[in-house]
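Colleague: Mind looking over this structure? Questions follow.
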Amino acid sequence: MSTTAEDKLYTYSDYITFPEGKRIEIIDGYIYNMATAPTRIHQEIIMELSAEIRNYIKHNNGNCKVYPAPFDVILKNEDEEASNNKNVVQPDISVICDKNKLTDRGCTGSPDMIIEVVSPFNPNSDYIRKLNLYDHYKIREYWIVNPMKKTILVYKLDENNQYAAPESYTFKDKINVSIYDNLEIDFNKLDLDQRK
(Lines give C-alpha, C1' and ligand atoms only; values in the text may rest on other atoms or scores of the structure.)
Protein backbone atom coordinates (compact mmCIF):
# COMPACT_ATOMS: atom_id res chain seq x y z
CA MET A 1 0.00 0.00 0.00
CA SER A 2 1.27 3.46 -0.74
CA THR A 3 -0.02 6.96 -0.07
CA THR A 4 1.43 10.41 -0.46
CA ALA A 5 2.81 12.43 2.44
CA GLU A 6 -0.61 14.09 2.72
CA ASP A 7 -2.31 10.69 2.94
CA LYS A 8 -4.21 11.44 -0.24
CA LEU A 9 -7.20 9.23 -0.93
CA TYR A 10 -7.29 8.25 -4.59
CA THR A 11 -10.35 8.05 -6.83
CA TYR A 12 -11.19 6.60 -10.21
CA SER A 13 -10.29 9.99 -11.73
CA ASP A 14 -6.74 9.48 -10.41
CA TYR A 15 -6.72 5.84 -11.48
CA ILE A 16 -7.21 6.61 -15.17
CA THR A 17 -4.21 8.95 -15.14
CA PHE A 18 -1.76 6.22 -14.12
CA PRO A 19 0.54 4.89 -16.87
CA GLU A 20 -0.92 2.12 -19.01
CA GLY A 21 0.41 -1.25 -17.95
CA LYS A 22 0.79 -0.25 -14.29
CA ARG A 23 -1.38 -2.76 -12.43
CA ILE A 24 -2.92 -1.29 -9.32
CA GLU A 25 -6.18 -1.38 -7.44
CA ILE A 26 -7.73 1.30 -5.28
CA ILE A 27 -9.59 0.15 -2.18
CA ASP A 28 -11.13 2.72 0.15
CA GLY A 29 -8.97 5.36 -1.55
CA TYR A 30 -5.64 3.58 -0.97
CA ILE A 31 -3.45 2.26 -3.77
CA TYR A 32 -2.50 -1.41 -3.77
CA ASN A 33 0.10 -2.60 -6.27
CA MET A 34 -0.76 -5.85 -7.98
CA ALA A 35 1.73 -8.70 -7.80
CA THR A 36 4.06 -9.53 -10.66
CA ALA A 37 2.94 -12.09 -13.24
CA PRO A 38 0.81 -14.76 -11.58
CA THR A 39 1.76 -18.42 -11.39
CA ARG A 40 0.88 -20.85 -14.16
CA ILE A 41 -1.72 -22.69 -12.04
CA HIS A 42 -3.31 -19.33 -11.17
CA GLN A 43 -3.76 -18.63 -14.88
CA GLU A 44 -4.99 -22.16 -15.62
CA ILE A 45 -7.70 -21.82 -12.97
CA ILE A 46 -8.82 -18.48 -14.41
CA MET A 47 -8.92 -19.92 -17.93
CA GLU A 48 -10.81 -23.07 -16.95
CA LEU A 49 -13.40 -21.36 -14.76
CA SER A 50 -13.97 -18.55 -17.28
CA ALA A 51 -14.49 -21.15 -20.03
CA GLU A 52 -16.93 -23.20 -17.92
CA ILE A 53 -19.07 -20.16 -17.13
CA ARG A 54 -18.88 -18.73 -20.66
CA ASN A 55 -19.81 -22.06 -22.25
CA TYR A 56 -22.80 -22.36 -19.92
CA ILE A 57 -23.97 -18.85 -20.83
CA LYS A 58 -23.56 -19.49 -24.57
CA HIS A 59 -25.35 -22.87 -24.50
CA ASN A 60 -28.25 -21.33 -22.59
CA ASN A 61 -28.48 -18.14 -24.68
CA GLY A 62 -27.74 -16.13 -21.54
CA ASN A 63 -27.15 -12.41 -21.33
CA CYS A 64 -24.30 -12.39 -18.82
CA LYS A 65 -20.70 -11.64 -19.79
CA VAL A 66 -17.52 -13.13 -18.30
CA TYR A 67 -14.31 -11.09 -18.10
CA PRO A 68 -10.93 -12.31 -16.81
CA ALA A 69 -8.36 -9.88 -15.42
CA PRO A 70 -7.15 -7.37 -16.26
CA PHE A 71 -10.64 -5.87 -16.31
CA ASP A 72 -11.55 -2.75 -14.33
CA VAL A 73 -14.49 -2.89 -11.94
CA ILE A 74 -15.55 0.39 -10.35
CA LEU A 75 -17.52 -0.56 -7.26
CA LYS A 76 -20.08 2.11 -6.47
CA ASN A 77 -23.48 2.60 -4.94
CA GLU A 78 -26.38 3.91 -7.03
CA ASP A 79 -25.99 7.47 -5.70
CA GLU A 80 -22.22 7.68 -6.21
CA GLU A 81 -20.52 9.20 -9.22
CA ALA A 82 -17.95 6.86 -10.80
CA SER A 83 -15.22 9.49 -11.20
CA ASN A 84 -15.16 10.19 -7.44
CA ASN A 85 -15.31 6.56 -6.42
CA LYS A 86 -12.54 5.22 -4.19
CA ASN A 87 -12.85 1.51 -5.11
CA VAL A 88 -11.44 0.21 -8.39
CA VAL A 89 -10.48 -3.46 -8.54
CA GLN A 90 -9.38 -6.01 -11.13
CA PRO A 91 -10.96 -9.31 -10.04
CA ASP A 92 -9.53 -12.47 -11.56
CA ILE A 93 -12.99 -13.24 -13.00
CA SER A 94 -16.05 -10.99 -13.16
CA VAL A 95 -19.52 -12.09 -14.28
CA ILE A 96 -21.84 -9.21 -15.18
CA CYS A 97 -25.49 -9.80 -16.11
CA ASP A 98 -26.65 -6.16 -16.32
CA LYS A 99 -25.16 -4.86 -19.57
CA ASN A 100 -25.96 -1.28 -18.50
CA LYS A 101 -23.00 -1.60 -16.12
CA LEU A 102 -20.56 -2.31 -18.96
CA THR A 103 -18.50 0.49 -20.48
CA ASP A 104 -15.57 0.58 -22.89
CA ARG A 105 -13.28 0.68 -19.85
CA GLY A 106 -14.85 -2.11 -17.82
CA CYS A 107 -17.75 -2.41 -15.35
CA THR A 108 -19.29 0.42 -13.33
CA GLY A 109 -21.24 -1.11 -10.48
CA SER A 110 -21.32 -4.50 -8.81
CA PRO A 111 -20.81 -7.66 -10.87
CA ASP A 112 -23.14 -10.55 -10.10
CA MET A 113 -20.22 -12.87 -9.37
CA ILE A 114 -16.52 -12.46 -8.68
CA ILE A 115 -13.86 -15.15 -8.45
CA GLU A 116 -10.45 -14.40 -6.96
CA VAL A 117 -7.58 -16.88 -7.17
CA VAL A 118 -5.32 -16.50 -4.14
CA SER A 119 -1.76 -15.39 -4.76
CA PRO A 120 0.99 -16.76 -2.52
CA PHE A 121 2.33 -13.20 -2.29
CA ASN A 122 -0.76 -11.52 -0.81
CA PRO A 123 -3.44 -13.93 0.45
CA ASN A 124 -4.93 -11.43 2.94
CA SER A 125 -6.18 -9.28 0.09
CA ASP A 126 -8.73 -11.88 -1.05
CA TYR A 127 -9.65 -13.30 2.36
CA ILE A 128 -10.08 -10.02 4.24
CA ARG A 129 -9.86 -6.77 2.28
CA LYS A 130 -11.77 -7.88 -0.81
CA LEU A 131 -14.20 -10.05 1.14
CA ASN A 132 -15.30 -6.99 3.12
CA LEU A 133 -15.40 -4.84 -0.01
CA TYR A 134 -17.48 -7.33 -2.02
CA ASP A 135 -19.85 -7.84 0.90
CA HIS A 136 -20.29 -4.05 1.20
CA TYR A 137 -21.07 -3.68 -2.51
CA LYS A 138 -23.42 -6.70 -2.53
CA ILE A 139 -21.65 -8.98 -5.00
CA ARG A 140 -24.18 -11.82 -5.15
CA GLU A 141 -21.57 -14.59 -5.19
CA TYR A 142 -17.85 -14.48 -4.34
CA TRP A 143 -15.46 -17.42 -4.72
CA ILE A 144 -11.99 -17.53 -3.21
CA VAL A 145 -9.96 -20.25 -4.94
CA ASN A 146 -6.72 -21.22 -3.19
CA PRO A 147 -4.43 -23.24 -5.50
CA MET A 148 -1.86 -23.85 -2.75
CA LYS A 149 -4.37 -25.49 -0.39
CA LYS A 150 -6.66 -26.69 -3.20
CA THR A 151 -9.70 -25.20 -1.49
CA ILE A 152 -12.58 -22.97 -2.52
CA LEU A 153 -14.67 -20.75 -0.24
CA VAL A 154 -18.03 -19.65 -1.65
CA TYR A 155 -19.77 -16.61 -0.18
CA LYS A 156 -23.38 -15.80 -1.13
CA LEU A 157 -25.69 -13.00 -0.10
CA ASP A 158 -28.28 -14.25 2.38
CA GLU A 159 -31.82 -13.05 3.10
CA ASN A 160 -30.34 -10.05 4.97
CA ASN A 161 -28.35 -9.09 1.85
CA GLN A 162 -25.00 -9.85 3.46
CA TYR A 163 -22.55 -12.73 3.26
CA ALA A 164 -23.42 -15.73 5.35
CA ALA A 165 -20.75 -18.16 6.55
CA PRO A 166 -18.93 -19.53 3.49
CA GLU A 167 -19.41 -22.95 1.99
CA SER A 168 -16.09 -24.80 1.85
CA TYR A 169 -14.97 -27.08 -0.98
CA THR A 170 -11.86 -28.82 -2.32
CA PHE A 171 -10.52 -29.36 -5.83
CA LYS A 172 -12.29 -32.76 -5.81
CA ASP A 173 -15.78 -31.28 -5.38
CA LYS A 174 -18.63 -30.15 -7.59
CA ILE A 175 -19.82 -26.62 -6.86
CA ASN A 176 -23.15 -25.07 -7.81
CA VAL A 177 -22.96 -21.55 -9.18
CA SER A 178 -25.91 -20.05 -7.35
CA ILE A 179 -26.47 -17.08 -9.68
CA TYR A 180 -27.69 -19.71 -12.20
CA ASP A 181 -30.35 -22.38 -11.85
CA ASN A 182 -28.34 -25.39 -13.01
CA LEU A 183 -24.65 -24.61 -13.47
CA GLU A 184 -22.36 -26.96 -11.59
CA ILE A 185 -18.57 -26.83 -11.90
CA ASP A 186 -16.72 -30.07 -11.22
CA PHE A 187 -13.23 -29.07 -10.11
CA ASN A 188 -12.07 -32.66 -10.45
CA LYS A 189 -12.73 -32.47 -14.19
CA LEU A 190 -11.03 -29.14 -14.84
CA ASP A 191 -7.89 -29.36 -16.95
CA LEU A 192 -5.49 -28.24 -14.23
CA ASP A 193 -1.85 -29.22 -14.04
CA GLN A 194 -1.69 -29.70 -10.28
CA ARG A 195 1.92 -30.73 -9.97
CA LYS A 196 3.67 -29.18 -6.99
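Colleague: Restricting to segment 145-172, give me the number of residues that are over 24 Å from Gly62 (Cβ atoms), without any contact (Cβ under 8 Å) to a residue 40 or more places away in the chain and either charged (D, E, K, R) or outside any strand (DSSP E or B) (or both).
Modeller: Going through segment 145-172 one residue at a time, the tally reaches 11.
Colleague: Please verify whether Asp158 is in contact with a Phe, Trp or Tyr (Cβ under 7 Å, 6 or more places away or on another chain), open to solvent by 10 Å² or more (accessible area, probe 1.4 Å) and of a type in the set (Asp, Glu), treating the condition exactly as stated.
Modeller: Values: in contact with a Phe, Trp or Tyr (Cβ under 7 Å, 6 or more places away or on another chain): no; open to solvent by 10 Å² or more (accessible area, probe 1.4 Å): yes; of a type in the set (Asp, Glu): yes.
In short, no.
Colleague: Is there any pair with a first residue in segment 23-35 that is over 12 Å from Leu133 (Cα atoms) and without any contact (Cβ under 8 Å) to a residue 12 or more places away in the chain and a second that is open to solvent by 10 Å² or more (accessible area, probe 1.4 Å) and of a type outside the set (A, V, I, L, M) whose Cβ atoms are under 8 Å apart and which are 6 or more apart or on different chains, and what are they?
Modeller: Within 8 Å, the pairs are Ile24/Tyr15; Ile24/Phe18; Ile24/Tyr32; Ile24/Asn33.
Colleague: Only one of (1) among the charged types (D, E, K, R); (2) part of a loop (DSSP other than H, G, I, E, B); (3) open to solvent by 80 Å² or more (accessible area, probe 1.4 Å) is not met by Glu184, so which one is it?
Modeller: (2)
Colleague: With respect to Ala82, is the statement that it is modelled with pLDDT of 95 or more and of a type in the set (Gly, Ala, Ser) true?
Modeller: No.
Colleague: Another question, if that's okay. Here is a check on your reading of the model: is Tyr142 open to solvent by less than 80 Å² (accessible area, probe 1.4 Å), part of a strand (DSSP E or B), under 23 Å from Ala82 (Cβ atoms) and aromatic (Phe, Trp, Tyr)? Before the answer, list the steps.
Modeller: Numbers: open to solvent by less than 80 Å² (accessible area, probe 1.4 Å): yes; part of a strand (DSSP E or B): yes; under 23 Å from Ala82 (Cβ atoms): yes; aromatic (Phe, Trp, Tyr): yes.
Answer is yes for this residue.
Colleague: So, in segment 90-116, how many residues would count as being open to solvent by less than 10 Å² (accessible area, probe 1.4 Å), in contact (Cβ under 8 Å) with a residue 60 or more places away in the chain and either more than 25 Å from Gly62 (Cα to Cα) or not β-branched (Val, Ile, Thr) (or both)?
Modeller: 1
Colleague: Looking at segment 24-78 only, could you name the residues that are of a type in the set (Asp, Glu), over 17 Å from Cys107 (Cβ atoms) and surrounded by fewer than 15 Cβ atoms within 10 Å (Cβ to Cβ)?
Modeller: The answer is Asp28, and nothing else.
Colleague: Could you grab me the full set of residues in segment 117-136 that are surrounded by fewer than 17 Cβ atoms within 10 Å (Cβ to Cβ) and either in contact with a strand residue (DSSP E or B) (Cβ under 7 Å, 6 or more places away or on another chain) or modelled with pLDDT of 95 or more (or both)?
Modeller: Tyr127, Asn132, Asp135, His136
Colleague: Out of the residues in segment 79-89 that are open to solvent by 10 Å² or more (accessible area, probe 1.4 Å) and not in a loop (DSSP other than H, G, I, E, B), which is farthest from Ser13 (Cα to Cα)?
Modeller: Ala82
The values are calculated or read from the model by the stated rules, or taken from the named source; none is laboratory data. Keep in mind the model is a prediction, meaning the values are calculated, not measured. Note: ideal-geometry Cβ built from the backbone for every residue, glycine included; neighbour counts use all protein chains shown. The protein model used for the area step is the full one, side chains on, heavy atoms only, and it has no ligands, DNA or RNA in it. Shrake-Rupley method; radii C 1.70, N 1.55, O 1.52, S 1.80 Å.
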